[in-house]
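A.B. asks: This is the structure, below, for whatever I ask next.
The values are calculated or read from the model by the stated rules, or taken from the named source; none is laboratory data. The structure presented is a predicted model; accordingly, all values stated were derived computationally and were not measured. Neighbour counts are summed over all protein chains in view; Cβ atoms, including those assigned to glycine, are modelled from backbone coordinates with ideal geometry. What goes into the accessible areas is simple: the full protein's heavy atoms, side chains included, and nothing from ligands, DNA or RNA. Shrake-Rupley method; radii C 1.70, N 1.55, O 1.52, S 1.80 Å.
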Amino acid sequence: MAIDGLIILDGAGRPIVQTSFQSTSPAYPLIHIDAYNNALTKVSRPEDVDPVLYVAGISNDKPSACCHVGCGDLRLLCPVSGDVDPLFALAFIRTFIDILQEYLGHVSASTLRDNFDVVYQLLEETLDSGGHPLTTSPNALRDIVIPPSLLNKLLSVAGANISSLSAASSNPFASPIPWRKANLRHNSNEIYFDVVEELRAIVGRNGVSLSSDVSGKINTNCKLSGTPDLLLTFTNSKLLTDCSFHPCVRLPRWSKDKCLSFVPPDGHFILQEYRYSPSSTSHPSALGVNQVPIPIMLKPSVMVNETGGTIDVTVTSRLTTRAIEDFSLELYLGQGAGAPNFMVSAGGSWAFDPRSLILRWEMATVPASSSHTFRGSWISSVPHPRSAHAFRTKFAIQGHTFSALKIDQLRLSGETYKPYKGVRGRSLVDVEWRW
Amino acid sequence: MSSQAGQDAKFFQRGKIQEFRAELQAAEVKDKKFIKRRTVLKKIVANITMGNDMSPLFPDVVQCLGTPLLEIKKMVYLFLVSYGKSKPDQIHIVIPRFLEDCNDRNPLIRALAIRTMSYIPIPVVTEALTEQLRHCLKDRDPYVRKTAAICVAKVYTADPRKAEKAGFVEMLRDLLLDPNATVVSNAVAALTEIGDRPDGVFFKLNLTIANKLLAAIGESSEWGQIYILDSLLRFVPEKHSEADVLAERVLIQLQHANSAVVLTAIKILLYLMNYMENRRLIEHICKKMGPPLVTLLSSGPEVQYVALRNILLIIQRRPTVLRNDVKVFFCKYNDPIYVKLAKLEIMYRLAREENAKEVLAELQEYASEVDVDFVRKAVRSMGRLAIKVEPAADLCIKALLDLIETKVSYVVQEAIIVIKDIFRRYPGKYEGIIPTLCEHLDALDEPEAKAAMIWIVGQYADRMDNADELLDDLVYTFLEEPVEVQLALLTASVKLFIYKSKSEKAKELVHRVLKWTTEEIDNPDLRDRGFMYWRLLAINPGVAGEIVLAEKPAITTDSDRMDRGALDQLLLHTGTLGSIYHKNPEASSREFPYPAARALADTPALNPNSRAVLVPITRTQLPPAVINIPGPGPNEPGNQKPEPPLPAKPAPPLPTEDEDAAEGGGGEDDESERVLSPVAVQGDAVADPYSGLDQLGTLSAGGYSADNPRPKEDDDLLF
């Protein structure tokens, strides 16, 4: 149960940073890089590359697999061999990406190159040469690898390197809780909860949704001093099903009375993920029996003929009080599509990307109960163009959640201060409409 | 910061060894704050990362180890990790430094020192490390202890017997009771690594330790949780109740946010279910497993893919899981192709009478998509659906005919291939559509489709007035056709002749084909068959008719199911590469090294169903000395008796053909499986036309040719 190492490739498929691959031959990382680059040449879209690539061994070597995840212009590869869970590797890559984001802010080939020493230290601390993940909790990592900004600050202010030794806490992991630093101090004690719910659905030709589900998560930003022990209760926790939690949450307590009891990590983390389905109480096994209504109506009419096609779409918001934000609608027009000519109602804009052949209509806001249209035509150089049979719409609604999840109260014990609390809701919608 | 960032990038310029050496020497004086040293070392490290050989600098860099600055120490250690093992003649100069650091006041440096030493597999270093490790395993700082635990595995690799003698295994065992959860999980990881070695000591858990480990899980990192959960596979329940208790505690881990933790927990639950008796509890667990699996589908596509491949296995073994959730697997237009294909396969598996209509409607939708590969598989799935769910067959045929009307070449060809099988599954029911199919004869240019159509023409030549004309046209290009088509043509013309032996045309046709086959064809297979037919027809045309037109066994989809015993074994590897490629450990051990291929151990608690299909495992290299590690603390009496070291039973009690008998006897948890595939086994002459494709000893028993997923090259994994 160990991965073989980690390789980070830049946009051109060249390695920027990699672990030392102690126990393998020097060619081992190279064949994995080749395997990925080869696979990339065989697919039309980079995201279609199989995430667990089979890699044949060199000469007598055993074959292995290459797990990979993209991040901006980078691609992180994780070669694994033997009896390993690919999810283990994939989860590790995801975690490492999160760590990089935390340390570098924006993760790209150039920030990586600029901070290679930090990245190297991070690799050393997060992955042992035997492939066992070591310390991946950001709270604990900050004790042993100084984030570049802090390091630079120290250097410029003190002008002394000795200070960086003391900056890395001389007593790391002193905290009995692996995800939280000991003795934290914040001037103002605050904690914010961001409830984000995403509705994903497929709507059939007849306008009835074929499948839909709402998954939510509670993003938390915690800036509390000391070791606060929190108890969070919801007024309507019954609505939440299939919850999964940050390791800090005491699971037995949740099973008992649906209260979240936890000592939070410092900074940003995802406290809880859940699924909301209105039917969950009556039919726990059948998902989506009663479906969440989609907040817009879309009336598509598409005609594709031998030389091109026409589109006429009307979108109506079903929301009566709130506005829809960041609305977008996409359609793949098919090989040979060109010469698009479209009209949008006020407030919208459209674009056609000749490379990906995707037609896109955007609106920054769709006011409550309003209706908008998008119509026009395109010409195809290929007879009988095969365009996608589905529109993809995405949008967001601020201050709204499908589940109407409400936090009842947050109690704090173990510390004496009274924290400032904030709660915010947001909904994202990603619907596929077939025509 | 940005200005410095720009400078850093310059370190990547190719540096010269001489230059660096001079700079390092210059840094020895007048470098109070070690800025010069830091800069040079940074350049050197940058060069290492670019693959430039910096090893000649070894003595110079090692000099810097005395610098009392963590950052510099780290870089020197990085250098040592890269070049230490290639310098066995110079490494001795570092040892005193290592020892010094092993006793440093700062726990970070202590841990760093032993970690680096463990990366350098040179005897002098290992020896020095062995000495230090003993203290570090008892260090007061948990960071050092947890690092030391992992180092033990490395020392063990270098010399197993010596490490055992030094008592490291026992020390690791003691760490299982450490108050710090991270130390516990690292000790588990190290013991697992040791236990997985063919020459390693056995790592087994008793109930007390298993419970203790589960208690530590709450405070572990996600990786620690995975190690701990995974180690539970090393606990073999002796009583049903033990499995029950443990499963209840593992169940709660399904609520973890980390997908790998969830999948590992599911693996353990599936394992423990083999040792359970209580039907209610098993059902309860199955019900609880579904939602977390679905939740994995809202993660990134790569996680979805792994989850889907595993779901495919799980629903075959435990059909109640996700039974009603076929909608969750409907494909979205923007899903990556590998996700779509994996979903398609699951949709087919979950299809039954109640949802067949919905599934079919989706498949029809997919048949109009852009990706050719996906469309083909969607069409093929329609045919399989018709074969699997009898009440849906009418609708499927209609849908397939609609597709044929579209005249899209690859859709038509794919449809004809599956219709041929539907004819065989439901003899005498759909032959009326043959004329429609014949209209598209000219569109067929792929061998498989062409062969399928020719088979149809030959098989039903008695019902078609123009069969002889059609065949005559097809035979026109006989010599240029691929073997597959030639074989089909040969058989079809013989069939035609048998049906219409009076017809001059048929006689002339078969004669022509037989002559070609025997005189002009080089392929021995084809030629021999030609001779055989010829002689049959010459000696006794009546018997020939009986042979050639013998009643064919009906097609079923039974062989789509994997063999149960193999499935059980694969599920022990849930989430591993084997489960992705659907290869059983033994078949793939040549491919993917399974350090210790897992098998269910036979104990009184083993469920009779699981026992019936038990696949024993033979460990090729037995450990020279089987050391049973009893848990720390009071020894349990149960654990002291010599346990059956391995379920090395001579032969599986029941080979796969008897699966049905076995299930019929005590098939308690397989009733639902029955419901899932309403296609009853017809007689014992169940032959599957596809099963011949499955001769390589791999797992998936038949199905469509590519239904035998293998590590892919260019092909897809599914179907």
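A.B. asks: Does B:Asp462 satisfy the condition of being under 30 Å from B:Lys429 (Cα atoms), touching a helix residue (DSSP H, G or I) at 6+ places or on another chain (Cβ under 7 Å) and exposed (fewer than 15 other Cβ atoms within 10 Å of the Cβ)?
C.D. replies: yes
A.B. asks: Continuing with this model, one more query. Filter the range B:430-458 for residues that are closer than 30 Å to B:Pro391 by Cβ and among the acidic types (Asp, Glu); which is least open to solvent (accessible area, probe 1.4 Å)?
C.D. replies: B:Glu431
A.B. asks: In addition: Filter the range A:246-271 for residues that are part of a helix (DSSP H, G or I) and more than 8 Å from chain B (Cβ to nearest Cβ) and give the result.
C.D. replies: Keep residues of the range A:246-271 that are part of a helix (DSSP H, G or I), which gives A:251-257.
The answer is A:Arg253, A:Lys256, A:Asp257.
A.B. asks: Residues that are of a type in the set (Phe, Trp, Tyr), in contact (Cβ under 8 Å) with a residue 12 or more places away in the chain and farther than 29 Å from B:Lys552 by Cβ: which helices (runs of 4 or more DSSP H) entirely in the range B:331-425 hold 1 or more of them?
C.D. replies: Values: elements: B:337-350, B:356-366, B:372-388, B:393-406, B:409-425.
In the range B:331-425, B:337-350, B:356-366, B:372-388 are the helices (runs of 4 or more DSSP H) which contain 1 or more residues that are of a type in the set (Phe, Trp, Tyr), in contact (Cβ under 8 Å) with a residue 12 or more places away in the chain and farther than 29 Å from B:Lys552 by Cβ.
A.B. asks: Being open to solvent by less than 10 Å² (accessible area, probe 1.4 Å), of a type in the set (A, V, I, L, M) and within 13 Å of chain A (Cβ to nearest Cβ), is that true of even one residue in the range B:236-249?
C.D. replies: No, the range B:236-249 has no match at all.
A.B. asks: For the range B:208-285, which helices (runs of 4 or more DSSP H) that fit wholly inside it have 3 or more residues that are more than 30 Å from A:Gly130 (Cα to Cα) and touching a residue at least 12 places away in the same chain (Cβ under 8 Å)?
C.D. replies: Result: B:240-251.
A.B. asks: When B:Pro121 is evaluated against the numbered criteria (1) away from every other protein chain (no Cβ under 14 Å); (2) farther than 26 Å from A:Val145 by Cα, which criterion, by number, is the only one it fails?
C.D. replies: All conditions are met except number (1).
A.B. asks: Then there is this: Residue check: is A:Gly348 over 30 Å from the mean Cα position of the chain (by Cα) and at pLDDT below 90?
C.D. replies: When the stated conditions are applied, A:Gly348 does not pass them.
A.B. asks: Restrict the check to the range B:184-201 and report whether at least one residue is open to solvent by 50 Å² or more (accessible area, probe 1.4 Å), assigned to a helix (DSSP H, G or I) and either closer than 19 Å to B:Pro121 by Cβ or more than 14 Å from chain A (Cβ to nearest Cβ) (or both).
C.D. replies: Yes, there is a match, as at least one residue in the range B:184-201 is open to solvent by 50 Å² or more (accessible area, probe 1.4 Å), assigned to a helix (DSSP H, G or I) and either closer than 19 Å to B:Pro121 by Cβ or more than 14 Å from chain A (Cβ to nearest Cβ) (or both).
A.B. asks: Right, something else. Which one is nearest to B:Thr518 (Cα to Cα) among residues in the range B:465-480 that are over 41 Å from the mean Cα position of the chain (by Cα) and open to solvent by 40 Å² or more (accessible area, probe 1.4 Å)? First the steps, then the outcome.
C.D. replies: First, pick out the residues of the range B:465-480 that are over 41 Å from the mean Cα position of the chain (by Cα): B:465-479.
In the following step, the residues that additionally are open to solvent by 40 Å² or more (accessible area, probe 1.4 Å) were identified as B:465-466, B:469, B:472-473, B:476-477, B:479.
Values: B:Asp465: 29, B:Asn466: 27, B:Glu469: 23, B:Asp472: 19, B:Asp473: 20, B:Tyr476: 17, B:Thr477: 16, B:Leu479: 12 Å.
Among those that are over 41 Å from the mean Cα position of the chain (by Cα) and open to solvent by 40 Å² or more (accessible area, probe 1.4 Å), it is B:Leu479.
A.B. asks: Can you list the helices (runs of 4 or more DSSP H) found entirely within the range B:53-171 that contain at least 3 residues being more than 24 Å from B:Lys33 (Cβ to Cβ) and open to solvent by less than 20 Å² (accessible area, probe 1.4 Å)?
C.D. replies: Answer list for the range B:53-171: B:107-119, B:123-136, B:142-158.
A.B. asks: Filter the range A:83-101 for residues that are free of Cβ contacts under 8 Å to residues at least 12 places away in the same chain and within 7 Å of another protein chain (Cβ to nearest Cβ); which is farthest from the chain's Cα centre (by Cα)? Walk me through it before giving the result.
C.D. replies: Restricting attention to the range A:83-101, the residues satisfying the condition of being free of Cβ contacts under 8 Å to residues at least 12 places away in the same chain are A:87, A:91, A:101.
Checking which are within 7 Å of another protein chain (Cβ to nearest Cβ) leaves us with A:87, A:91.
Working: A:Leu87: 16, A:Ala91: 12 Å.
So, considering only residues that are free of Cβ contacts under 8 Å to residues at least 12 places away in the same chain and within 7 Å of another protein chain (Cβ to nearest Cβ), the one farthest from the chain's Cα centre (by Cα) is A:Leu87.
A.B. asks: Which of the following residues is modelled with pLDDT under 85, over 27 Å from B:Ser118 (Cβ atoms) and surrounded by 16 or more Cβ atoms within 10 Å (Cβ to Cβ): A:Pro63, A:Pro46, A:Pro51?
C.D. replies: The match here is A:Pro63.
A.B. asks: A further question follows. Could you list, in sequence order, the residues of the range A:218-245 that are assigned to a strand (DSSP E or B), open to solvent by 30 Å² or more (accessible area, probe 1.4 Å), within 23 Å of B:Ile252 (Cβ to Cβ) and more than 9 Å from chain B (Cβ to nearest Cβ)?
C.D. replies: Within the range A:218-245, just A:Asp229 meets the criteria.
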